[in-house]
Amino acid sequence: MGASVTKEERRAKHTAYMREYMRLPDVRERVLARRRELWAANPEKFRAMDRASKQRNRDAVLARKKRYRQMAAGKIRAYNASYSAANAGKVREWRGKWADRNPEFFPRKQRERRMAEARATPAWVDLDSIAAVYDHRAEMERLTGVEHHVDHIVPIRSPIVCGLHVPWNLQVIPAAENWSKSNRLLV
């Protein structure tokens with residue numbers, strides 16, 4: 001009598017065999033072509049199987065994705081930057097939709113922004129002169145009918161430089177220009 005083999009051991013042995021088999025010349029292409037045919041014939045069935053597999057192996061899937069993001073961080077960042085530059089309008093639309101679906105996120109972002117602004121405001125600054133810049137922004141909007149923002153010339157939060165929240169670091173510009181500038185220092 002032979003020793004009994006558990007289901008997990010059989011599955012591990014089969015997985016190892018299939019990994020080796022898939023490395024054989026032409027096998028991988030044939031298998032993938034057949035899978036594509038089956039998928040095309042029965043897409044709903046395979047979507048359901050895919051969802052079930054991902055649910056069963058959720059932790060392993062998340063761990064694999066995390067490892068990939070860590071190993072390819074520079075590549076992902078470069079791709080995202082080039083995609084965002086090529087599809088600025090689409091990205092802006094997606095972000096707007098995301099903001100609409102996640103309103104709870106924005107109070108925190110606004111609070112972080114206010115805190116950064118408070119940290120960047122020196123105790124000796126004349127707060128009335130800062131308020132005058134914001135009043136000027138409101139007047140510009142009223143006169144032109146175009147949304148305007150008060151922009152920090154030297155950003156108060158940036159990876160390379162951090163400016164102060166003082167009147168001579170503020171400018172009133174159209175909102176679209178401010179959105180395109182983001183937190184970059186333009187010279």
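Values as computed for the structure displayed
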read-out	value
Total residues in region 150-170, condition in a strand (DSSP E or B) and of a type in the set (D, E, K, R)	1
Extreme residue, nearest to the chain's Cα centre (by Cα), among residues of region 139-158 that are of a type outside the set (Ser, Thr, Tyr) and farther than 18 Å from residue 117 by Cβ	147
From 92, 19, 77, residue being charged (D, E, K, R), at pLDDT below 90, surrounded by 10 or more Cβ atoms within 10 Å (Cβ to Cβ) and in a helix (DSSP H, G or I)	92
Region 41-62 residues that are in contact (Cβ under 8 Å) with a residue 12 or more places away in the chain, paired with ones that are part of a helix (DSSP H, G or I) and among the charged types (D, E, K, R) (beta carbon under 6 Å, 6 or more apart)	none
Residue within region 48-64 that is in a loop (DSSP other than H, G, I, E, B) and either modelled with pLDDT under 90 or farther than 25 Å from residue 35 by Cα (or both) present	no
Filter result for residue 85 (within 23 Å of the chain's Cα centre (by Cα) and exposed (fewer than 10 other Cβ atoms within 10 Å of the Cβ))	yes
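The values are calculated or read from the model by the stated rules, or taken from the named source; none is laboratory data. None of the values given here were measured: they were computed from a predicted structure. Neighbour counts run over all protein chains shown; Cβ positions are idealised from the backbone, glycine included.
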